[in-house]
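Visitor: Please find one structure pasted underneath; my questions will follow.
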Amino acid sequence: MGGLGESEAAREARFAAFVADYRGRALSTAWRLSGGDDALAEDIAQDAFLAAHQALPSFRGDAQLSTWFYRILVRTAHRHRRKRAVRFKVAGLFGLEAARSTTPVSGDAPLRRRIAAALDTLSEGQRAAFVLVHMEGLTVTEAAEALGSAPGTVKSHLHRALVRLREVLGDLQGTQGTEVTA
Amino acid sequence: MSKHDTQHDDTLPLTDADQAFVATLAAAYQPDERHPARDLAFDRALAARLEGRPRRAWARWPVGLTLAAAAAVLVWVVAPRPASTPTPDPGAVGGALAVGTPPTAPPAAAQGDLEATSDPVLALLTPTDADVDDDALYPDDYLALADVLALN
């Protein structure tokens, strides 16, 4: 994905191709990290692409482009989640209900909300590790690079996340297929 | 470095039940399929934000416009003030604040005098009622709170 010395036109063209390649994954990951909020997922993905555009000249290819971008995306999602939490807290203080995405869903909306609520009980690290590895299909090593953690830490996060989710969502075990994502 | 860190092993010790559970969550928890129009709107919004980003702003700011702006400011600074421009009375301002009148709004008499001036530069630089931002009618703490609550 480019490097130092590349002309600006070539860099912009490569960035456009990069957005086209990663848009779907970015939105999917952002949606899962944001608790299933469509509008917030779009904001996260947009901000992550903007940050990637700014950081692109410093990308030297030491890491895979995908893990480099996932790292930006996860940090952006974390920042947006914190801002949203503050908004909800302030709104709660004044007895108001902060705006949530009202995009209609075609899937099992109650089940999605249950899973989102369960993921919300995890720590940031556990949630990000679980989403990246078990839902987005990254390997432990790739997730570790994206999260800036050691692989052992990611495995620990995954183990604790799984234990917690099975406590909360134990009734869902094996109800939909058996395809393994990791 | 821990023992785990040295293993470089991507495999996870998941039982069949764990794998089925994880697969169930992954299958159920995914966004709706996106319509191409939404992707197009996303790309357009991203492009607009990239265009609006201040990259090398000095190169995009015409030198002539900069000189014209500087000249306008200079003219405004050295131009004689109209004799009829009233000096704000601190007591009057305090009274206005006490009844909730925004401090940015000029007194009605002064506004009339300024509009009547024949100085075109001064007229351009003087805000009229139509130029006053609606937000200026609210105190700063209300705006900050509204921003946090995303009411704006």
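The values are calculated or read from the model by the stated rules, or taken from the named source; none is laboratory data. For clarity, every value in this text was computed on a predicted model and none was experimentally measured. Virtual Cβ from ideal backbone geometry, glycine too; neighbours counted across all protein chains shown. Side chains included, ligands, DNA and RNA excluded: accessible areas come from the protein's heavy atoms. Shrake-Rupley method; radii C 1.70, N 1.55, O 1.52, S 1.80 Å.
Visitor: Tell me, what is the FRET efficiency for residue A:168 and residue A:141 to the nearest 0.05, using R0 = 35 angstrom and their Cβ-Cβ distance as r?
Guide: E between residue A:168 and residue A:141, to the nearest 0.05, is 0.80.
Visitor: Give a quick list of trypsin sites (Lys or Arg not before Pro) in the stretch A:33-81 that DSSP marks as loop, anything other than H, G, I, E or B, with at most 11 other Cβ atoms within 10 Å.
Guide: Within the stretch A:33-81, the qualifying trypsin sites (Lys or Arg not before Pro) (loop, at most 11 other Cβ atoms within 10 Å) are A:60.
Visitor: Still on this structure: If I model a spin label at residue B:69 and residue A:51 as a point 7 Å from the Cα along the Cα→Cβ vector, what separation in nanometres do I get?
Guide: Going by the 7 Å Cα→Cβ label model, 3.1 nm.
Visitor: At a probe of 1.4 Å, how much accessible area disappears from chains B and A on forming the pair, both sides counted, to the nearest 100 Å²?
Guide: Adding both sides of the contact gives about 4500 Å².
Visitor: Which net charge results when you count Lys and Arg as +1 and Asp and Glu as -1 among the other residues whose beta-carbon is under 11 Å from that of residue A:42?
Guide: It works out to a net charge of -2.
Visitor: Length gain on complete extension for the stretch residue A:66 to residue A:109, per 0.36 nm per residue less the alpha carbon to alpha carbon distance?
Guide: Length difference between fully extended and current span is 12.5 nm.
Visitor: Could you give the C-alpha radius of gyration of the stretch A:8-172 expressed as a fraction of 2.2 N^0.38 Å, taking N as the number of residues it contains?
Guide: 1.09
Visitor: Another question, then. Restricting to Cα pairs below 8 Å that are 6+ residues apart, what does the relative contact order work out to for the stretch A:8-172? Please round to a whole percent.
Guide: 24
Visitor: Something else now. Counting Lys +1, Arg +1, Asp -1, Glu -1, what net charge surrounds residue A:123 among other residues with beta carbon under 11 Å of its beta carbon?
Guide: For residues surrounding residue A:123, the net value is +1.
Visitor: Continuing with this model, one more query. Short version: which residues of the stretch A:135-164 lose at least 50 Å² of accessible area, all chains versus chain alone, 1.4 Å probe?
Guide: Residues shielded by partner chains are A:155, A:162.
Visitor: Round to a whole number: what % of the accessible area of the stretch A:8-172 belongs to carbon and sulfur, probe 1.4 Å?
Guide: 52
Visitor: Now for a separate question. Please give the per residue accessible area of the stretch A:8-172, computed with a probe of 1.4 Å over protein heavy atoms only, in Å².
Guide: In whole numbers, the stretch A:8-172 has 46 Å² accessible per residue.
Visitor: Which FRET efficiency value, to the nearest 0.05, is calculated for residue B:39 and residue B:15 with the Förster distance at 45 angstrom and r the Cβ-Cβ distance?
Guide: 0.70
Visitor: Sticking with this structure for a sec: Each residue of the stretch A:70-75 in turn: what ³J(HN,Hα) in whole Hz from Karplus with 6.51, -1.76, 1.60 and θ = phi - 60°, glycine and Pro shown as x?
Guide: 4, 5, 4, 5, 5, 5
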